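The values are calculated or read from the model by the stated rules, or taken from the named source; none is laboratory data. As the structure is a prediction and not an experimental result, all values here were calculated from the model. Cβ coordinates were reconstructed from backbone atoms using ideal geometry, including for glycine residues, and neighbour counts include every protein chain displayed.
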Amino acid sequence: MNFKYTMTNLAGIGKQGRRRLTTILEESKGTFTVKEASGILRLPANETAKALARWVNQGWLVRLRRGLYTPVALDSTMPMAAIDDPWIIAQRLFSPCYIGGWSAAEHWGLTEQIFRTVIVFTNRPIRNRREEVQGIQFWAKKVAASKLYGTRTVWRGQNKIQVSDSSKTVVDMLDDPAIGGGIRIVEDILKEYLRSATPSNLAELLAYAERAGNGAIFKRLGFLFERIQPDNQKFLQNCRKHLTSGNAKLDPSWPAEKLVTRWHLWIPESWVTRMEK
């Protein structure tokens, strides 16, 4: 976001208020806390908090959650919440975090599906996995700090946002098909990924899958890969090397009646092919 507010833009508030709000918006990066605004204005925190609350009531700011604010976009037709970029909001709400799942798949062009909810992987304690902020829906998935790897930095205005790279995006969805929209969409995303995957991409995919520490990933990956590229025996053999004991489900949210023993994987009857019969 690139906000360039002027005195005339900020109608409806006093001269001093316009000057102060303009200063905050010019020196912040789209979102800011009471502490940050207080530092910019060099005012006590309680006085700053009162000013921010007043500007929220006047329609110039949006309160995202306690102590966190963002400005209303100037191209909004009325003084009400008009958040330009949900990713910037996610960064402030859930940092340390990265954008992943279907949100990252959309970013990398791996799916044409449109998802309203933003998927966020975070190391921050969360009370609600599903959260709505000013009409934007977030799905936060709590992970250990050691899982915040495999990301790329993208710029949104002045903000650096971490997004899972294409290989990590696939691995995360194989770990939890729900954040990919279900296993059928995950398979389509894997197909798209493999269209342009290089040997180094496939090596990275295997490395990420091993690092994730969930044996079900290799079971799902091997099964799906065999359906898509059955002739790539080298990759399939690498998947088999990492198979763990015990059986997993292709998609934990689906019924599964058929066990594919070579992949230790329960699959729905509708997924059975001649190879599985």
Against the definition (modelled with pLDDT under 95, surrounded by 15 or more Cβ atoms within 10 Å (Cβ to Cβ), on the phi < 0 side of the Ramachandran plot and in the same structural domain as residue 117 (by TED's automatic domain parsing)), how does residue 256 come out, yes or no? yes
Residues 39, 59, 101: which one is surrounded by fewer than 19 Cβ atoms within 10 Å (Cβ to Cβ) and modelled with pLDDT of 75 or more? 39
Looking at (1) in a helix (DSSP H, G or I); (2) farther than 14 Å from residue 108 by Cβ; (3) of a type outside the set (Ser, Thr, Tyr), find the lone condition where residue 201 falls short. (2)
Against the condition modelled with pLDDT of 70 or more, under 22 Å from residue 117 (Cβ atoms) and touching a Gly at 6+ places or on another chain (Cβ under 9 Å), how does residue 88 come out, does it pass? yes
Qualifying positions in region 164-186 - surrounded by fewer than 20 Cβ atoms within 10 Å (Cβ to Cβ) and either closer than 17 Å to residue 214 by Cα or in contact with a Ser or Thr (Cβ under 6 Å, 6 or more places away or on another chain) (or both): 176, 178
Conditions (1) buried (at least 18 other Cβ atoms within 10 Å of the Cβ); (2) among the basic types (Lys, Arg); (3) closer than 25 Å to residue 271 by Cα; number of the one not met by residue 141: (3)
Report, ordered by the first and then the second residue, all pairs with beta carbons closer than 7 Å, sequence separation of six or more or different chains, a first member in region 207-232 that is within 25 Å of residue 151 (Cβ to Cβ) and in the same structural domain as residue 173 (by TED's automatic domain parsing), and a second member that is hydroxyl-bearing (Ser, Thr, Tyr) and part of a helix (DSSP H, G or I). 208/167
Being aliphatic (A, V, I, L, M) and either within 27 Å of residue 198 (Cβ to Cβ) or within 31 Å of the chain's Cα centre (by Cα) (or both) is the filter here, so list the residues in region 219-274 that pass it. 221, 224, 228, 236, 243, 248, 250, 256, 265, 267
In region 180-198, residues that are touching a residue at least 12 places away in the same chain (Cβ under 8 Å) and closer than 16 Å to residue 109 by Cα total 12
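Just to check your reading of the model, which residue among 223, 235 is in a helix (DSSP H, G or I), surrounded by 11 or more Cβ atoms within 10 Å (Cβ to Cβ) and in contact with a strand residue (DSSP E or B) (Cβ under 7 Å, 6 or more places away or on another chain)? Break it down stepwise before answering.
Details: 235 fails: in contact with a strand residue (DSSP E or B) (Cβ under 7 Å, 6 or more places away or on another chain).
None of the others qualify; the one that does is 223.
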Residue satisfying all of: in region 135-172; outside any helix (DSSP H, G or I) and of a type in the set (D, E, K, R); farthest from residue 89 (Cα to Cα) among these: 165
